[in-house]
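First the structure, in the form of structure tokens, and then the observations on it.
Nothing in this text is a laboratory measurement; each read-out follows from the coordinates by a stated rule. Here the structure is a predicted model, which is why all the values come from computation and not from measurement. Note that each Cβ is placed from the backbone with ideal geometry, even for glycine, and that neighbours are counted across all protein chains shown.
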Amino acid sequence: MKIFYGWRIVFAGGALQFLQSVLLNQSFGIYLAVLVEERGWSKTAVAGAAALKSTEAAVLGPVLGWLVDRFGAQLIARVGIVTFGIGLMLLSRIDTLPGFYAAFVVVALGASMFSNPIVGVAIIHWFEKRRARALSALQFGAAIGGLFVFLVAASIQAFGWRATLLGSGLLALVAGWPLSRIIKSRPEDHGEHVDGVPPALKDDAQPVAAAPARDGFTAREALRTSAFWFMGFGHAFSLFAVTAINVHAVTHIKEHLGYSLSLATLVFTLVTVGQFFGVMMGWVIGDRYQKRFIAAICMLMHAAGLLMLTYAPGPVILVTAALVHGTAWGLRGPFLQAMRADYFGRSSIGVILGLSSMILVIGQIGGPILAGLFADWRGDYYMGFTILAILCGCGSLFFLMAKPPRLRSTVG
């Protein structure tokens, strides 16, 4: 039986997310702890690199979205993986804080070009009926990558952070290049059909709920809807918890809760165990339920997880915090991408996702920077984490208000 090519794209995209997850996204907190201790830089200064990555993604988001809509995801992903690998190798050679930031700009640019939203645009074009399931499957790579972060920590302890970054860059190039070649932008360009089913056989099929039209909204029309903004701000508020934990959790567990770096890394790895479970839940429930209600519930789980992490009286609560937060992350992430595709259609989805990134930067920058500022000011993360958890919980209201928009037949 022939396997629908869309699933090959999901596999390749998931493998690319695995590389980015284990080599950067979920290992950044380990590098932060090591650099703060070795170089004497402040937590705010090093965490600023995470904010820089988010700012760069926000500024370039609409441009990358337009490029993906016009030239396809494969070309963008191939350029991205090369840039990412070179950036990691440059990062291994830095000695000063300005040099760290300069190298990280290159890393962040490359990461943005083969990130989940870029690959997700291709998947959105290949899937309709099983879109949420396919996007959830894409997240398996990021979740599994988190399970291997302990290898990064072990490598840093055995060989040092410079050698680890150099090896990471080489691995990204060798493994990422062939994977990026599998990504194809649109099924029609390769003699395939959406969902692998010819249009003639879809006549009796039920349309996807909330999809306004086959082609959907233009970017300008999407910007005029309240749903675009409610989803954007809800997503941004969820990232207060996600980015703060990614950047600062290891340092908080090590310095303020009094555990070793190895144990802190192990607890942080459990976030990805929960993320994997959340992705599996997304795979099972797919498009069966209203995604905005699921997203709202996930927001409350993020808030609860961050609060438990902040005030954990023992290892059991730490484990629970990691699993609750990770499950919310794994379930919510793919659903928001599928939700935007359901609401706005496929025709301009790359630009729409790119424009959304300009809102997401609020949470991407706010999370690590606010937590770092409070930690440098107060000497711990308690107040900063608490404020971010409250903001995240309140953000659930945005998703409850994000009702499906209607596409007008005539635009005035």
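Quick look at the values:
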{"quantity": "Computed helical MRE - 222 nm, the chain, DSSP H runs ≥ 4 contributing -39500 (n - 2.57), nearest 500", "calculated": "-25500 deg cm²/dmol"}
{"quantity": "Close Lys-Lys pairs in the chain, where close means Cα under 21 Å and separation is 8 or more or interchain", "calculated": "10"}
{"quantity": "0 to 90° range, to nearest 10: angle between helix 261-285 axis and the chain longest Cα axis", "calculated": "10 degrees"}
{"quantity": "Of the chymotrypsin sites (Phe, Trp or Tyr not before Pro) in the stretch 258-294, those whose Cβ has at most 15 other Cβ within 10 Å and which sit in DSSP loop", "calculated": "Tyr289"}
{"quantity": "Relative contact order for the stretch 264-412, counting Cα pairs under 8 Å that sit 6 or more residues apart, in percent", "calculated": "34 percent"}
{"quantity": "Arg224 paired with Leu75, simple spin-label distance in nm, labels 7 Å along Cα-to-beta-carbon", "calculated": "3.1 nm"}
{"quantity": "Gyration tensor verdict on the stretch 41-117 (Cα atoms; rounded if a/c is under 1.5, prolate if a/b is larger than b/c, oblate otherwise)", "calculated": "oblate"}
{"quantity": "C-alpha long axis of helix 73-91 to longest principal axis of the chain, angle in °", "calculated": "10 degrees"}
{"quantity": "The stretch 328-412: C-alpha gyration tensor shape, a/c 1.5 cut-off, then a/b vs b/c", "calculated": "prolate"}
{"quantity": "Gaussian network model of the chain, springs between alpha carbon atoms under 10 Å - residue of Leu90, Leu151, Leu397 with greatest fluctuation", "calculated": "Leu151"}
{"quantity": "Between helix 28-39 and the chain: long-axis angle, C-alpha atoms, 0 to 90°, nearest 10", "calculated": "30 degrees"}
{"quantity": "Nitroxide proxy distance, nm - points 7 Å out along Cα→Cβ at Leu300 and Glu38", "calculated": "4.4 nm"}
{"quantity": "Against the rule of thumb 2.2 N^0.38 Å, how large the Cα Rg of the chain comes out", "calculated": "0.94"}
{"quantity": "Global geometry of the stretch 123-189, whether rounded, prolate or oblate, following the gyration tensor of its Cα atoms and the 1.5 cut on a/c", "calculated": "oblate"}
{"quantity": "Neighbour-count ranking [beta-carbon atoms within 10 angstrom, fewest first] of Glu128, Glu56, Glu38", "calculated": "Glu38, Glu56, Glu128"}
{"quantity": "Alpha-carbon radius of gyration plus Dmax, which is the widest Cα pair, for the stretch 218-312 in Å", "calculated": "16.6, 52"}
{"quantity": "Sorted by Cβ density within 10 Å, fewest first, the residues Cys392, Cys298", "calculated": "Cys298, Cys392"}
